[in-house]
Amino acid sequence: QVQLVESGGGLVQPGGSLRLSCAASGSIYGIYAVGWYRQAPGNQRELVAAITSGGTTNYADSVKGRFTISRDNAKGTVYLQMNSLKPEDTAVYYCNLQPPVRGYWGRGTQVTVSY
């Protein structure tokens with residue numbers, strides 16, 4: 001059973017930065033594309049960024065130029081560096097494969113951007 005554990009969220013002021021981490025049990029990251037997703041209250045979960053096993057990345061338009069996804073296959077970890085954060089980035093952030101697998105959703109990590 002694969003487990004994905006997100007960490008690194010918190011409260012940050014607008015314009016600030018956070019780095020999220022997603023650690024996986026099992027050797028899946030070397031094979032599959034991985035995505036970071038987020039869900040704000042009242043909204044559907046959306047894909048924020050994804051990275052293939054070969055390192056190709058893509059981003060939602062709302063985060064392009066501000067967020068960077070990366071992976072360390074040896075450590076089984078995927079990162080999301082978030083800069084120039086805005087209040088509208090406030091959400092619970094999750095990682096999963098891309099496309100996502102229902103049974104792999106973790107608890108997520110809360111990111112709150114506010115003064």
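Kindly sort Glu88, Glu46 by accessible area of their heavy atoms, largest first, with the probe set to 1.4 Å.
Heavy-atom accessible area, descending, gives Glu88, Glu46.
Once R0 is set to 22 Å, what does the formula 1/(1 + (r/R0)^6) return for the Cβ-Cβ distance between Asp61 and Gln81, expressed as a FRET efficiency to the nearest 0.05?
E(calc), rounded to 0.05, equals 0.80.
If you roll a 1.4 angstrom probe over the protein chains with everything in place, what fraction of the accessible area of the chain belongs to carbon and sulfur, to the nearest %?
For the chain, the apolar C and S fraction of the accessible surface comes to 47 percent.
Using alpha-carbon pairs under 8 Å, 6+ residues apart, how would you state the relative contact order of the chain in percent?
That works out to 37 percent.
Of Ser84, Ala40, Gly54, which is farthest towards the positive pole of the range 26-87's charge dipole, taken about the Cα centre with +1 and -1 on the beta-carbons of Lys, Arg and Asp, Glu respectively?
Ser84
Taking the Cα centre of the chain as origin, work out the dipole magnitude from +1 charges on Lys and Arg Cβ and -1 charges on Asp and Glu Cβ, in debye rounded to 20.
So the magnitude is around 80 debye.
Given contacts defined as C-alpha pairs under 8 Å and at least six residues apart, what's the relative contact order of the range 74-115, whole-number percent?
Taking the mean separation of contacting Cα pairs over the length of the range 74-115, I get 43 percent.
Given the Cα-Cα distance of Gln3 and Glu88 and 0.36 nm per residue of separation, how much length would full extension add, in nm?
Value of the extension gain: 27.8 nm.
What's the extension gain from Arg102 to Thr52 if we count 0.36 nm per residue and subtract their Cα-Cα distance?
Between Arg102 and Thr52, full extension yields an extra 16.1 nm.
Near Leu47, within a Cβ-to-Cβ distance under 12 Å, what is the net charge of the other residues, with Lys and Arg +1 and Asp and Glu -1?
0
Please work out how much length the chain gains when fully extended from Thr112 to Gln13, using 0.36 nm per residue of separation minus the C-alpha to C-alpha distance, in nm with one decimal.
34.8 nm
Quick one: how many Å² of Lys64 are accessible to a 1.4 Å probe, rounded to 10?
Number for this one is 120 Å².
Take every Cα pair under 8 Å in the range 21-80 that's 6+ residues apart, average their separations, divide by the length, and report that relative contact order as a whole percent.
For the range 21-80, the relative contact order is 38 percent.
Taking the solvent-accessible surface of protein heavy atoms with a 1.4 Å probe, what is the per residue accessible area of the chain in Å²?
Per-residue value: 53 Å².
Do me a favour and compute the ellipsoid semi-axes for the chain from its Cα gyration tensor, root of five times each eigenvalue, largest one first, whole Å.
Equivalent ellipsoid semi-axes, largest first: 22, 14, 13 Å.
The values are calculated or read from the model by the stated rules, or taken from the named source; none is laboratory data. From a predicted model like this one, the values you see are computed outputs, not experimental measurements. Counting neighbours? That spans all protein chains shown, and the Cβs are built from the backbone with ideal geometry, glycine included. The area values use the complete protein model at the heavy-atom level, side chains included, leaving out ligands, DNA and RNA. Shrake-Rupley method; radii C 1.70, N 1.55, O 1.52, S 1.80 Å.
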